[in-house]
Amino acid sequence: MLRYLKFLPVLIISLMWSSAADATGPRVTTSLFTANQNEVHTIDFPPFVSSEVIEGGVASELVRTALSRGNIDADITIHPLRGMIRYYMIQEQAMAMLIRHESDMSDIKQNLISVPLLKIKEGFYYYKPSHPQGVAWHKDFKSLKGFTYGAHYGEDVSAFEQAGIQVTFGRTMALMKQLVLGKIDFLKAPAPTIEWLSKKYLGNEAKDFERIDGAIFEDTLRVFFNRKHAEAAKAAKQFAAALESMKKDGTYEEIVNRHLETTNKEGKPYLRRLDAVK
């Protein structure tokens, strides 16, 4: 009996470790069991935010650089599901989140401090085999009445619904697959995202994604700091100041240009480098 007792401390520690790891669900981060508990939670959004893109993507590099310059002790955590971001912000009072649509966060809006990070050009995309004659565009959505729109979680879709457009929600890759299958008619996304995902996952179908002429929009990736976090208000000021200094000394532009370049009059961005981390 005594010879088994020496293994008891190991068993207890093992059980405690397992319980701590499972208590908050899975995290795509290396900082789960470290002393640093300040995190900026975000969702995979290639090529702007992705563990498969060099430097984690342009948005990730901008955030990490601003955190470092602002002397903010925090890490970026990339999640596969948007619901996980909401969980950590509400249940664990996380320091911040990096997202581009926030309509599903309206119930905690009063607790959020918004810091704009990166403006992104977006367009409406359709699948040419489903609409061989093309798709016309009118600012009031009149030409799209009766169509089905593929929206991202957190996106405000009230204008589409008012125009008589059906709406279905999903992640970008899932929506692109539905576009190919003819289950939706169009979606809104940045050109680099369509290019990166279609080439990586859709093979021959990649060439058949077409942007609706004239439908160009601007969206903003923002870092939202959580007022309920003890250090968030101070961190938000430091982060915003760091971003301003990066813009003044050229660091911001250098990072953006290293990932993206603009080549036409409509400001359509193209990826300069698409290679994944080896």
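Rule-based calculations on the coordinates, nothing more; no lab input. Since this is a predicted model, take the numbers as computed values, not measurements. With ideal geometry, Cβ positions are generated from the backbone for all residues, glycine too; neighbour counts draw on all protein chains shown.
What is the spin-label model distance, in nm, from residue 71 to residue 183 if the labels are put 7 Å beyond Cα along the C-beta direction?
Those two pseudo-labels are separated by 5.1 nm.
Please check which bits of the range 55-70 a label hung off residue 218 would reach, taking the label as a point 7 Å along Cα-to-C-beta and the cut-off as backbone N under 19 Å.
Residues 59 fall inside that zone.
Roughly how many whole Å is it from the C-alpha centroid of the range 54-97 to that of the range 141-186?
The distance from the Cα centre of the range 54-97 to that of the range 141-186 comes to 28 Å.
Largest first, please: the extent of the C-alpha atoms of the range 121-218 along each principal axis, to the nearest Å.
35, 31, 25
Return the subset of 142/188; 128/188; 145/183; 139/188; 109/139 for which the Cα-Cα distance in this structure is over 20 Å, preserving the input order.
109/139
Need one number: nm distance between label points at residue 92 and residue 110, each 7 Å from Cα along Cα→Cβ, rounded to one decimal.
2.6 nm
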